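Enquirer: Input: one structure, supplied below.
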Amino acid sequence: MTLINIGFGNMVSSAKLVAIVSPESAPIKRIIQDVRDKGMLIDATYGRRTRAVIIMNSGHVILSRI
């Protein structure tokens with residue numbers, strides 16, 4: 001199992017990673033809002049600007065600074 005650093009000491013498993021995408025497009029913003037409503041959004045930005053959106057195979061979405 002390989003862990004990927006997503007910033008501020010947080011790590012995700014590469015085996016469960018589906019995609020890393022930019023947060024700028026409208027479809028990604030819609031996905032973020034839908035997942036937030038379901039309670040499956042993990043915000044690992046520590047209040048800073050989101051630079052990457054990580055989609056996991058469990059349905060969770062992680063917002064990352066890196």
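Enquirer: Just to be sure I understand the model, the point goes 7 Å from the Cα along the line to the Cβ. What's the resulting Asn5 to Met56 distance in nm?
Expert: My value for the distance between the label points is 2.0 nm.
Enquirer: Can you tell me the 0 to 90 degree angle between the C-alpha axis of helix 26-38 and the longest principal axis of the chain, rounded to 10?
Expert: Its long axis makes an angle of about 80 degrees.
Enquirer: Give me a comma-separated list of calculated 3J(HN,Hα) values for the stretch 56-61, in order, Karplus coefficients 6.51, -1.76, 1.60 applied at θ = phi - 60°, integers in Hz, x for any Gly or Pro.
Expert: Per-residue couplings from phi come out as 9, 6, 7, x, 6, 10 Hz.
Enquirer: Figure the gain on full extension for Glu24 and Met40 (residue separation times 0.36 nm, minus the Cα-Cα span) and round it to one decimal in nm.
Expert: That pair, Glu24 and Met40, stretches by 3.8 nm at full extension.
Enquirer: Restricting to Cα atoms and excluding each atom paired with itself, what does the Kirkwood estimate give for the chain in Å?
Expert: 11.9 Å
Enquirer: Would you mind telling me the antiparallel percentage of the DSSP bridges in the chain, rounded to 5?
Expert: So the antiparallel bridges amount to about 75 percent of the total.
Enquirer: Right, next: Express the carbon and sulfur contribution to the solvent-accessible surface of the chain as a percent, rounded to the nearest whole number, probe 1.4 angstrom.
Expert: 54 percent
Enquirer: Another question about this same structure. Name the residues whose placed amide hydrogens come within less than 5 Å of the amide hydrogen of Arg65, ignoring near sequence neighbours (fewer than 5 apart) on the same chain.
Expert: Arg51
Enquirer: Leaving ligands, DNA and RNA out of it, rank Met40, Met1, Met56 by accessible area with a 1.4 Å probe, largest first.
Expert: Highest to lowest solvent-accessible surface, that is Met1, Met40, Met56.
Enquirer: Still on this structure, I have one more. With n ≥ 4 as the cut-off for DSSP H runs, can you work out [θ] at 222 nm for the chain, using -39500 (n - 2.57) per run divided by the number of residues, rounded to the nearest 500?
Expert: Taking each H run of at least 4 residues, the total per residue is -6000 deg cm²/dmol.
The values are calculated or read from the model by the stated rules, or taken from the named source; none is laboratory data. Bear in mind that the values here come from a model prediction, so they are computed numbers and not experimental data. Note that we place each Cβ from the backbone using ideal geometry, even for glycine, and neighbour counts take in every protein chain shown. Calculation scope for accessible area: heavy atoms of the full protein, side chains included, ligands and nucleic acids excluded. Shrake-Rupley method; radii C 1.70, N 1.55, O 1.52, S 1.80 Å.
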